[in-house]
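What follows is a short report on a single structure.
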Amino acid sequence: MAKEISLRVFNQRLAERLRVAQAEAAPASRLGVETAGARWLLRLEDAGEVLPVPRLWSVPLTQPWFLGIANIRGNLASVVDFSAFMGGQPTPLTPESRLVLLAERFRAASALVVSRLLGLKYLQQMTPLATGTGAGGASDWPWLGPAYRDQGDGGVREWRELDIAALTTQESFLQVGL
């Protein structure tokens, strides 16, 4: 004989289980990319899509880090070499290079070129570093998020989170003209 349970008791138990499930920390995963030897973490909701670098059309009289325009399924996207934008060496375009389209919510049809995709990374498996340490650390770059360290195949690796929302509001990122 099935045990009878009131609808109120059932709802209370369900609400309690939902509260417990929400309280448990969901795995905080990030998309790992590399450019110019530096490792970066991107929030999954900030990266609209990752794809091989398509044909690029250059635009005259633009910053050296602005690679041009790409046609992505009929939509034009501006393409930025993230390493060069950060003052590093230009990213060589190889078969491993990837274009990271920024999420549509940023209302900037833009993409970043990175050297290669490193897959999903979990913050729970990393050690946070003190502010001002790790890759970067320049206070005049508000798009630099927290720094982390993890243990990889080749030893200790440092990562820096990239705050796409902060990057897309910076005048230096938005002004591609010379």
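Restricting Leu18, Leu41, Leu67 to residues that are at pLDDT below 90, within 28 Å of Arg105 (Cβ to Cβ) and of a type outside the set (D, E, K, R) narrows the list to Leu18. The condition of being touching a strand residue (DSSP E or B) at 6+ places or on another chain (Cβ under 9 Å), at pLDDT 90 or above and not β-branched (Val, Ile, Thr) does not hold for Gly87. Taken over region 91-103, the criterion of being loosely packed, with under 15 Cβ neighbours inside 10 Å and touching a strand residue (DSSP E or B) at 6+ places or on another chain (Cβ under 6 Å) is satisfied by Glu96 alone.
If you go through region 54-64 one residue at a time, do you hit one that is among the charged types (D, E, K, R), at pLDDT 95 or above and within 30 Å of Gly155 (Cβ to Cβ)? No: region 54-64 contains no residue that is among the charged types (D, E, K, R), at pLDDT 95 or above and within 30 Å of Gly155 (Cβ to Cβ). Being touching a Gly at 6+ places or on another chain (Cβ under 7 Å) and under 15 Å from Glu34 (Cα atoms) is the filter here; which residues of region 51-93 pass it? Hits for region 51-93: nothing passes.
If the condition is being modelled with pLDDT under 95, within 14 Å of the chain's Cα centre (by Cα) and assigned to a loop (DSSP other than H, G, I, E, B), then region 90-115 contributes only Ala103. What do you reckon, is Arg39 more than 17 Å from Ser97 (Cβ to Cβ), in contact (Cβ under 8 Å) with a residue 60 or more places away in the chain and basic (Lys, Arg)? Answer is no for this residue. Residue count for region 59-82 satisfying the condition of being in contact with a helix residue (DSSP H, G or I) (Cβ under 9 Å, 6 or more places away or on another chain), surrounded by 15 or more Cβ atoms within 10 Å (Cβ to Cβ) and not aromatic (Phe, Trp, Tyr): 3. Here the condition is being small (Gly, Ala, Ser) and either touching a Phe, Trp or Tyr at 6+ places or on another chain (Cβ under 8 Å) or part of a strand (DSSP E or B) (or both); of Gly87, Gly48, it holds for Gly48 alone.
The values are calculated or read from the model by the stated rules, or taken from the named source; none is laboratory data. Remember, predicted model here, so these are calculated numbers, not experimental data. We place every Cβ from the backbone using ideal geometry, glycine too, and count neighbours over all the protein chains shown.
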